[in-house]
Amino acid sequence: MTDEIRPYRLEIPEADLADLRERLDRTKWAPEPAGGDQGYGVSVGRVRELAEHWRHRYDWRAWERRFNRYPQFTTTIDGSNVHFLHARSPEPDAIPLLLSHGWPGSVAEYLAAVGPLSDPRAHGLDPSIAFDVVLPSLPGFGFSGPTADTGWGPQRIARAWAELMRRLGYARYGTAGNDWGSRIAPEVGRVAPEQVIGAHVTQTWDPPPDDDPQWIAELSPKDKAAWDAFHHYFTDEASYGVVQAQQPQTLAHALSDSPVGLLGWNAQAMHDHGLDADGILTHVTIHWLTGTAGSAIRIYAEQARETPAEGRNPVPLGVAQFPGDLPSIRVFTEHRRNLVSWNEYDRGGHYAAQEVPELWAGDVRQFFAKVR
């Protein structure tokens, strides 16, 4: 194994963008019956609207320039290529902070927050809380490229992240994440408990306690409402997760060949979460241009194949809840985690760092001020 870290600059060949435009022009649209735009999945009208924006107004090169404002690198960990942004703070006592995104997101989730986190003084914020931001693309996602082997679930990714931070020379650091990143960030604390000072997440996904058969009757009204919303979502709206957990390679053939097919599939998990067209399309474009649509969905299958970690996770945990996101159930979190901070906001959704970066970054700053 080599610890080599290689400089990286994002430069998508123009031929790849031309191919995308040509494929969009040749889209064969799915027929839609009367009433098929309600309750049957993402409508043809919505996908057409996004595809038109993608073809005629979306500016990938502008996003490419945003990425290239920050130093980027790649390294090989456990046989997989890992891409990451590394924004060092000018503040001398900055806290190293490892960020993890989810699916169908990408590192673009955090671009708007990197500046305020790494250089708070330049953004009118208290410089005593600043961060050296490490923002990797999950293995199999985006600029990390497709994984060559299976097994890249949250636990293996957490081990890779601990190795990445070791290579960067960070002996103590914090972690934060959203979606799959909300699973990965605390898991890094299990892998490297002496190094991780705390984990900040936007969802907790904790199951009910297995030692209390009366748990549902003991829920507060607020936690009961959160449980009902959680149960409804996974019963009635999360069919994509079942497919991706059971037969990801079957789906990968379609997602890897059709940009509009990829757009329609990924949009189901983003269309009600407050992102504008450019926000949605940036994530989809990254998956398309890097050929990672098929490998990214495999994380669902890999997580299902991992042995769940046992025992209470001791890493100090901060939770930020946003109204447009699936609510977490606080009593479950208190049962299984070392909960230090829990804040609820009146704006923002599932992609809070992208939608309301000032609120999300403020919560991160507040949490790590407590645990540093």
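Read-outs: derived from the displayed coordinates by stated rules, not from any lab. Please read these numbers as outputs of a predicted model, since none were measured by experiment. Using ideal geometry, Cβ is built from the backbone for each residue, glycine included, and neighbour counts are taken over all protein chains shown.
Going by average Cβ neighbours within 10 Å, how do the peptides 2-13, 297-308 rank, with the highest at the top?
Details: 2-13: 11.6, 297-308: 17.2.
Put in order of decreasing packing, that is 297-308, 2-13.
If all Cα-Cα distances of segment 260-309 are sorted into 5 Å bins from 0 onward, what percent lands in each bin, rounded to whole numbers?
4, 18, 25, 20, 15, 10, 6, 1
Counting residues in the chain as N, plug N into 2.2 N^0.38 Å and put the Cα Rg over that result. Numbers along the way, then the final one.
Working: Rg = 20.2 Å, N = 372, 2.2 N^0.38 = 20.9 Å.
Normalised Rg, Cα atoms only: 0.97.
Students often check this: by mean Cβ neighbours within 10 Å, which of 82-90, 253-261 ranks highest, and how do the rest follow? Intermediate values should be presented prior to the final figure.
Details: 82-90: 20.4, 253-261: 18.0.
Per-residue mean Cβ counts within 10 Å order the peptides as 82-90, 253-261.
Quick one: of the DSSP bridges fully inside the chain, what percent are antiparallel, nearest 5?
Working: 14 of 38 bridges.
Antiparallel bridges make up about 35 percent of those DSSP assigns within the chain.
Which net charge results for the neighbourhood of residue 172, defined as the other residues with beta-carbon distances under 10 angstrom from its beta-carbon, given Lys and Arg at +1 and Asp and Glu at -1?
On the way: positive: 372; negative: 194.
Here the count lands on 0.
Principal axis lengths of segment 315-372 from Cα atoms, whole Å, largest first?
Projected onto its principal axes, the Cα set of segment 315-372 covers 29, 26, 14 Å.
How large is the charge dipole for the chain, taken about the Cα centre, if only the Cβ atoms of Lys, Arg (+1) and Asp, Glu (-1) carry charge, to the nearest 20 debye? Kindly include the intermediate steps, with their values, before the conclusion.
On the way: 35 positive and 49 negative charges, 153 e Å.
It comes to approximately 740 debye.
What ranking do 46-52, 347-353 get when scored by the average of other Cβ atoms within 10 Å per residue, highest first?
Details: 46-52: 17.1, 347-353: 23.3.
With the highest mean Cβ count within 10 Å placed first, the list reads 347-353, 46-52.
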